[in-house]
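Notes to accompany the following structure.
The values are calculated or read from the model by the stated rules, or taken from the named source; none is laboratory data. This one's a predicted model, so the numbers in the text were calculated from it and none came from an experiment. Positions of Cβ are generated from backbone atoms using ideal geometry, with glycine treated the same way; all protein chains shown enter the neighbour counts. Accessible surface areas use protein heavy atoms only, side chains included; no ligands, DNA or RNA. Shrake-Rupley method; radii C 1.70, N 1.55, O 1.52, S 1.80 Å.
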Amino acid sequence: MFAIIGFIVFGLVVGVLARLIKPGKQNLSLVATLLLGLAGSVIGGIVASALGTGDIFELNILGAIVAIVAAVLLIGVAEGLSGRNKGARV
């Protein structure tokens, strides 16, 4: 139970850090930030696990760095998709 709560909190932290790192204003809700942070955390865990630095849900520095970078990229993708949708409606 505590592992899931820790994963959610870490995902939120990753999402917030990614939004701070990404330049410009992002029109993302707190839920979208959390979901993108969680996705980034999973990607970071998979990469760290593949490199043999630990388990997918184990917190380590390599996984955290990859998670933040992945979340920044995911925020860019989300912005691109939402911008494309807004342009289609006009």
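The table below lists the values:
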| read-out | value |
| --- | --- |
| Where labels lie 7 Å past Cα in the beta-carbon direction, separation of residue 53 and residue 82 in nm | 2.9 |
| Centroid-to-centroid separation of segment 20-39 and segment 45-73 [C-alpha atoms, Å] | 18 |
| With every protein chain in place, the chain: carbon and sulfur % of accessible area (1.4 Å) | 76 |
| Using θ = phi - 60° and Karplus 6.51 cos²θ - 1.76 cosθ + 1.60, couplings along segment 30-42 (whole Hz; Gly, Pro as x) | 5, 5, 5, 4, 4, 5, 5, x, 5, 4, x, 5, 5 |
